[in-house]
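The values are calculated or read from the model by the stated rules, or taken from the named source; none is laboratory data. Model, not experiment: these values are computed from the prediction. Here the Cβ is made from the backbone with ideal geometry for all residues, glycine too, and neighbour counts use every protein chain on show.
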Amino acid sequence: MSAHLLDVVGLERHFDGLKAVDGISFSVAPGEVVSIIGPNGSGKTTTLNLVTGTIPAHGGTITLDGVRIDHADTARIAEQGVARTFQNGRVFATLSVADNIDVGLHSTLHASRPFRRLSGVFLLRWIPLLAELFIAVVGTPASRREQRRIEEVVETEIHRFEARLRPRRDDPAYSLSYANRRRTEIARALALQPKLLVLDEPTAGMNQTETAEVLSQLLELKAEGQTILLVEHKLDLVLTVSDRVIVMDGGRIIAQGSPEHVRRDPAVVEAYLGRRRGLGGEPE
Ligand code: ADP
Ligand code: MG
């Protein structure tokens, strides 16, 4: 077992000739909030996509809690305890807020989805389907307990965004404001009680008030001991919430360290200011 929750070594990903992630190494300790910053196109989202298994790596290793996950699929990585949100936000438009939060939880079901591993085996696929149908119709004490647990978790997450999501609990996601859609997405990720929460620009498209709200929620999560890997453009937020900041440019890590260290690093100043964008700059 490593002292780190997440260990990334020599990670690589290219798109045709373009090295989007070019051999980066970093780690995240339990309870740490680590942010990745860098100009547009520097490889931040690709890094998150690799860590969460959204796309496969072309080289390097990713280890979560001592388990190699660099060849695992997203479902397996989620089971290992990684949950994420997306840069552009992804919710199911026709599902209610509560059902959107609930959706993620079904990947953790055991009693309601026995034999679910068999669903990957073509000839045996009917076994989990029949078992799920039987349990859905008849129910078992274990599946009912699990359903209650899911309802509790959904309630906890709605409570976290009480003022915003409670009044909209049963509204379809398409009727939500942009900020509430993003909150719903964060709630869904948190409902999984992940070891590692991965957030890709959670405040993108949010105004100052909404951004401040997200910041205070991130600080609360941090106080609860939640480990977070964050990509975010708003530097004030990053410098406030992060234990460590990783700076990427051109697929490489050009600096990393404490917020104070990174703020003063000449390579960082060059990467940002060299492009006539201040450290608090918004994406172009
Ligand atoms: P960031 O999140 O830092 O803005 P990305 O990780 O999204 O940057 O992108 C890094 C580089 O990889 C960019 O040049 C981008 O155009 C390229 N890239 C990202 N995803 C793809 C893809 N699916 N296909 C081709 N090129 C991609
Ligand atoms: Mg991005």
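Some observations on this one:
- Residue among R182, R164, R188 that alone is within 16 Å of ligand 2 (Cβ to nearest atom), assigned to a helix (DSSP H, G or I) and of a type outside the set (S, T, N, Q): R182
- For beta carbons closer than 7 Å, sequence separation of 6+ or different chains, a first residue in segment 233-248 that is free of Cβ contacts under 8 Å to residues at least 60 places away in the same chain and a second that is among the β-branched types (V, I, T) and buried (at least 21 other Cβ atoms within 10 Å of the Cβ), the qualifying pairs are K234/T203; L237/T203.
Each row is one residue, and each column tells you yes or no for (1) farther than 20 Å from I246 by Cα; (2) more than 10 Å from the chain's Cα centre (by Cα); (3) within 16 Å of ligand 2 (Cβ to nearest atom); (4) modelled with pLDDT under 95.
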residue	(1), (2), (3), (4)
S177	yes, yes, no, yes
L192	yes, yes, no, yes
L196	no, no, no, no
D200	no, no, yes, no
A204	no, yes, yes, yes
E213	yes, yes, no, yes
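- Of the helices (runs of 4 or more DSSP H) that lie entirely inside segment 6-113, those containing 1 or more residues that are buried (at least 22 other Cβ atoms within 10 Å of the Cβ) and not assigned by TED's automatic domain parsing to the domain that holds D200 span 97-105.
- Scanning segment 247-270 for residues that are out of contact with any Lys or Arg (no Cβ under 9 Å at 6 or more places or on another chain) and either under 29 Å from N207 (Cβ atoms) or among the polar types (S, T, N, Q) (or both) yields V247, D249, E260, R263, V268.
- Cβ-Cβ contacts under 7 Å between residues 6 or more apart (or on different chains), taken from a first residue in segment 251-270 that is in a helix (DSSP H, G or I) to a second residue that is at pLDDT below 85, are listed as V262/V268; R263/L279.
- Test: T74 is more than 13 Å from ligand 2 (Cβ to nearest atom), without any contact (Cβ under 8 Å) to a residue 24 or more places away in the chain and of a type in the set (V, I, T): yes
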